[in-house]
Structure formats: structure tokens, C-alpha cells
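Undergrad: A single structure is presented below for examination.
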Amino acid sequence: MTDQPRVEIYTKGNCSHCDRVKDLFESKGVDYEEYNVSENDERFEEMVERADGRKTAPEVFIDDEHVGGWDDTHELDETGELDELLGITDDEVVEHRTLIIAGTGIAGLTAAIYAGRANNEPLIIEGDEPGGQLTLTTDVANYPGFPEGIGGPELVNRMKEQATQFGAELKNGIIESVNDSSRPFRVELRNGDVYTADAVIAASGASARTLGIPGEDELMGYGLSTCATCDGAFFRDEDMLVVGGGDAAMEEATFLTKFADTVYIAHRREEFRAEDYWVDRVHEKVEEGEIEIMKNTELIELHGSQEDGVDHVTLVENDAGHPTDRLDDPETEEFDFDVGAVFFAIGHTPNTDYLEDTGVQLDDEGYLETKGGDGGGQTETHVPGLFGAGDVVDFHYQQAVTAAGMGSKAALDADEYLEDLERADSSAEEAEAAAADD
Ligand SMILES: Cc1cc2nc3c(=O)[nH]c(=O)nc-3n(C[C@H](O)[C@H](O)[C@H](O)COP(=O)(O)OP(=O)(O)OC[C@H]3O[C@@H](n4cnc5c(N)ncnc54)[C@H](O)[C@@H]3O)c2cc1C
């Protein structure tokens, strides 16, 4: 590329968002300078100064202008503004594909491995979380075949390599809509690119939830995070608050003890939802004085500034649980609490917006409904040719190995559908040719 603007990226070690932002520029053929701030205090200070006080990596600059972190860069890419900043012009792409897979999490990548081997040449659209949720964890100890455990990003990268080896193609982008009113499907990306596809597998997972409380928008990325493994190291020796009571909250709290002075867990009920394994690990840390649990407690406000990060938070507590439902109760105590960083770990929302105009059925929370049951066709949705796999369907198990299992089923179901389609097409062609001969 000629006349390319200067792209600078501040990164740190073991940072999945940093890998994503680099992959994005590489996929556009754009050169960049990388400054790793891990173990380099001068670079870190420089990054914080240039990024107006932001202490999270990556931070991206184009021609000295601050673009922001992964989320900001990705959003600009989706609106096409990033290409404008980079001087890339591209007209609407219309290409036909046999199979499009939404999502490069464990479900989408497993589907791609199977579909690639079945010669269906899948195109996988990465979405706003390339590699999916597993890229947010450093330690996957329960994925079969790795007795020593494996890092989430490494597992995902190996799967990507395996999928591309069998002919799958990965593309940055978010699917905005799927049109099922005629065949082939019309799949439109947020940046305006359009594809047609004979079959589609929805493996779009679920996104981290936030609370919608005062201070949240202002401080997200400035001391508030939904990814402890990405940002925990930036708040070394601070007191940290983890909000949530499920597996992710327990794992993140345990992980943060590596950096925090003390980790506090605020959970709105008395009992944790997490597996006993994680609750036991947290209790070990409580005994060691590294974690303190605040039960029946909810976060209602974050205080601080983008310059100085989180200063303190406001919490409410009521022994009966769910204190925000009891704000008028005299037993509800409201108090300020000093912490230097806050991590949300409060569950996920299924990513199904792009399917809303199709004939698929979604449950009350937006999870995609599939046929399920025994025998073939378990991943079929109510739209023939559109299949569902992984956490976007499975609100109950939500594990890497179950997502992989569903991904393989979706690819096998899609292959059967595509073969039927091909047979039907060739019978129609034969009938047409016979009619022409008569
Ligand atoms: C912190 C953490 C730790 C975990 N640890 C473990 C563990 O140790 N073991 C385990 O078994 N499980 C673990 N899990 C759960 C596991 O990560 C998930 O069950 C699994 O990743 C689900 O895979 P998936 O492919 O269904 O969805 P996801 O991993 O959520 O991937 C969804 C994909 O869809 C893409 N997408 C979304 N919307 C669109 C769109 N509109 N267009 C295109 N693409 C889209 C996203 O960008 C993403 O690539 C953990 C989860 C978290 C958050």
C-alpha cells in the first residue's frame, strides 16, 4: 500500500485484544509499529500520556491521532471509517459462498474444521470478539487432550490453524443481517460487504453483560473492565472489586490475586452460582487473606475520572439479598468503598440481533432455538439451511467442549443439507434438459 499513514500500536504480553488489533491491521495489509509496554515503564508512561490517561493496552494511533483500544478500532472498522483513515477504498463486495459461519469461537472454528474437510469451503466471519470468549482466559484445564492445561488464545489459534489448513477462510467483520426471504441467503456485514450463501451456521456466542450504572460508560477502559485477564496487570497492588457470583467471577477473582492487594467479590445473593471447584478455590484464597467476599451486596455507582481511573464505588447491602430491589428498606445499607479497579463478571447476552428478521425462533432471553433431540438435524433452526451451535443456543452448559461438539454437529447437518440441495439442483437441471430435448 502506498502513502499509508503511520500506525502505532502499544501492546502488552499475553493480551488477546492486542493480538486482535494487530490481526486487523495485518488483514488489511497495513504496516504498523508496535511498542510493548510490558516491563517497559517509559513506554507505559508514554502510552498513558498520549492516550489521555488510559492505562489499558492496546492503544492505537494513526498519524499521531489517538484512535483508542480494540473496541474503538473495531467500531471504526465496522463503520468503514478505519478504512477512510487508512486511505483504503473498497466498493461493496458481492461474493457467493457455499457456507458462511458467524463467529470464530470454539463452536464456529470446530464447524469450520468439519466443513472444510467436507469441501464446503466455509467463510468464517470473526465478529467483534475474534476467537470468542475463550481468548479471555489464560488457563483452560478441562478441554480434553491437554492434561497440562492450555491457554485459551493458544487453543483458539491452534483451531484457526487447523480450520484454515482444511480450506476455511477467516474474515474480520460483523454480520449485520441475514436475509432468508429467498435462496441463497443474503448475508450483509456492518461495513456494507455483502455475501450470498447456500447455508449459514450461527455460532455467534454470547457477550459480556454490564450493569448500566452511573460512571460505567465514562470509566469503561479507565479502571472498569469486563476482562480480568486482559487488564488485571495494569492495576498491580490496587484493591480490586469483582462483581458476580458465577464461574467467571470466581475464576477472575482468583486470577486477580496475582496482582491485587486484596480482591473483593460483590455478589447480590447469599449463595454462589459457581461450580464447587471454583467456590473452593476462592475460599482457599479467602483463608490466605487474598480475597474477601461481600455477599448480598450490589454495586450502584462508580466514581473516578478518565485521568485518574476508578477512585471508589458505592455499594448497597441487605442480608435478605438483592439489595437494589430493597433500596427503601431501612435495613439496606449504602456505603462508599475504596477500590482501584472494577471487573464485571455478570453473565452474557446471546448475539442474535442479526437473525431477528429471519424466521428463526429465539427464546425470551434471545437464545437461538434449534431442533435438538436425537439423531441427525439437531442443530437445525426453524429456517431450513440455517443452523445454530455453541453458547448462542446452549444457555445451560456453556463450555468449550460442548460448543465444539455442537459446532461439529452443525457442520455435519449443514453438509447433509447442502448435499440435498445439490441433488435437488441437478435433478431440476436434468428435468429442464429433458424438457428442452422434447
Ligand atoms: C473468562 C472465561 C473463562 C472461561 N473458561 C472456560 C474453561 O476453562 N473451560 C471451558 O470449557 N469453558 C470456559 N469458558 C466458556 C467458553 O469460553 C465458552 O463456552 C465458549 O467459548 C463458547 O464458544 P462459542 O463458539 O459458542 O461462543 P464464543 O466463544 O462466545 O464466540 C462467539 C463468536 O461469535 C462472534 N460473533 C458475535 N456476533 C457476531 C456477528 N453478528 N457476526 C459475526 N460474528 C459474531 C464473536 O466475535 C465470536 O468470535 C470461559 C468463558 C469465559 C468468559
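The values are calculated or read from the model by the stated rules, or taken from the named source; none is laboratory data. Keep in mind it's a predicted model, so treat the numbers as computed, not measured. Cβ sites come from the backbone with ideal geometry, for glycine too, and all protein chains shown count toward neighbours.
Undergrad: Does the stretch 307-323 contain any residue that is at pLDDT below 95 and surrounded by 18 or more Cβ atoms within 10 Å (Cβ to Cβ)?
TA: Initially, the stretch 307-323 is screened for residues at pLDDT below 95, giving 307-309.
Going one step further and asking which of them are surrounded by 18 or more Cβ atoms within 10 Å (Cβ to Cβ), we end up with 309.
Yes - at least one qualifying residue is present in the stretch 307-323.
Undergrad: Would you point out which residue out of Ile293, Ile346, Ile265 is in contact with a strand residue (DSSP E or B) (Cβ under 7 Å, 6 or more places away or on another chain), more than 30 Å from Tyr367 (Cα to Cα) and buried (at least 17 other Cβ atoms within 10 Å of the Cβ)?
TA: Numbers: Ile346 fails: more than 30 Å from Tyr367 (Cα to Cα); Ile265 fails: more than 30 Å from Tyr367 (Cα to Cα).
Only one candidate qualifies: Ile293.
Undergrad: Here's something else I'd like to know. For the stretch 342-392, enumerate the residues that are of a type in the set (D, E, K, R) and more than 22 Å from Ala249 (Cβ to Cβ). Steps first, please.
TA: Filtering the stretch 342-392 down to residues of a type in the set (D, E, K, R) leaves 353, 356-357, 363-365, 369, 371, 374, 380, 391.
Answer for the stretch 342-392, where residues must be of a type in the set (D, E, K, R) and more than 22 Å from Ala249 (Cβ to Cβ): Asp353, Glu356, Asp357, Asp363, Asp364, Glu369, Lys371, Asp374, Glu380.
Undergrad: Pick from the stretch 211-232 the residues that are within 25 Å of Phe44 (Cβ to Cβ) and of a type in the set (A, V, I, L, M): which of them is surrounded by the most Cβ atoms within 10 Å (Cβ to Cβ)?
TA: Applying the filter and picking the extreme gives Ala228.
Undergrad: While we're here: Under 9 Å between Cβ atoms, at least 6 apart or on separate chains: pull out the pairs that start in the stretch 249-265 with a residue that is not assigned by TED's automatic domain parsing to the domain that holds Val140 and end on any residue that is buried (at least 22 other Cβ atoms within 10 Å of the Cβ) and charged (D, E, K, R).
TA: So the pair list comes out as Val263/Glu252.
Undergrad: Scan the stretch 386-438 for residues that are within 13 Å of Ala107 (Cβ to Cβ), among the aromatic types (Phe, Trp, Tyr) and surrounded by fewer than 18 Cβ atoms within 10 Å (Cβ to Cβ) and jot them down.
TA: Selection gives Tyr397 alone.
Undergrad: Among the numbered criteria (1) farther than 29 Å from Arg54 by Cβ; (2) surrounded by 15 or more Cβ atoms within 10 Å (Cβ to Cβ); (3) at pLDDT below 95, which one does Phe235 miss?
TA: Only one criterion is unmet by Phe235, namely (1).
Matching residues to (1) surrounded by 15 or more Cβ atoms within 10 Å (Cβ to Cβ); (2) more than 14 Å from the ligand (Cβ to nearest atom); (3) outside the structural domain of Asp231 (by TED's automatic domain parsing):
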residue	(1), (2), (3)
Glu26	no, yes, yes
Asn40	no, yes, yes
Val48	yes, yes, yes
Ile100	yes, no, yes
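Undergrad: Does Glu161 count as in contact (Cβ under 8 Å) with a residue 60 or more places away in the chain, surrounded by fewer than 23 Cβ atoms within 10 Å (Cβ to Cβ) and either assigned to a helix (DSSP H, G or I) or within 9 Å of the ligand (Cβ to nearest atom) (or both)? Even if it seems obvious, please write down each step before you answer.
TA: On the way: in contact (Cβ under 8 Å) with a residue 60 or more places away in the chain: no; surrounded by fewer than 23 Cβ atoms within 10 Å (Cβ to Cβ): yes; either assigned to a helix (DSSP H, G or I) or within 9 Å of the ligand (Cβ to nearest atom) (or both): yes.
Judged against the criteria, Glu161 is not a match.
Undergrad: Right, something else. Taking the stretch 106-135, which residues are away from the ligand (no atom under 13 Å from the Cβ) and either among the hydroxyl-bearing types (Ser, Thr, Tyr) or part of a helix (DSSP H, G or I) (or both)?
TA: Tyr114, Ala115, Gly116, Arg117
Undergrad: Say whether the condition of being among the hydrophobic types (A, V, I, L, M, F, W, C), part of a helix (DSSP H, G or I) and under 25 Å from the mean Cα position of the chain (by Cα) is met by at least one residue in the stretch 71-92. Full working, then the answer.
TA: Kept after step one, since they are among the hydrophobic types (A, V, I, L, M, F, W, C), are these residues of the stretch 71-92: 76, 82, 85-86, 88.
Right, trim to part of a helix (DSSP H, G or I) and you get 76, 82, 85-86.
Pick out the ones that are also under 25 Å from the mean Cα position of the chain (by Cα) and you get 76, 82.
Yes, the stretch 71-92 contains at least one residue that is among the hydrophobic types (A, V, I, L, M, F, W, C), part of a helix (DSSP H, G or I) and under 25 Å from the mean Cα position of the chain (by Cα).
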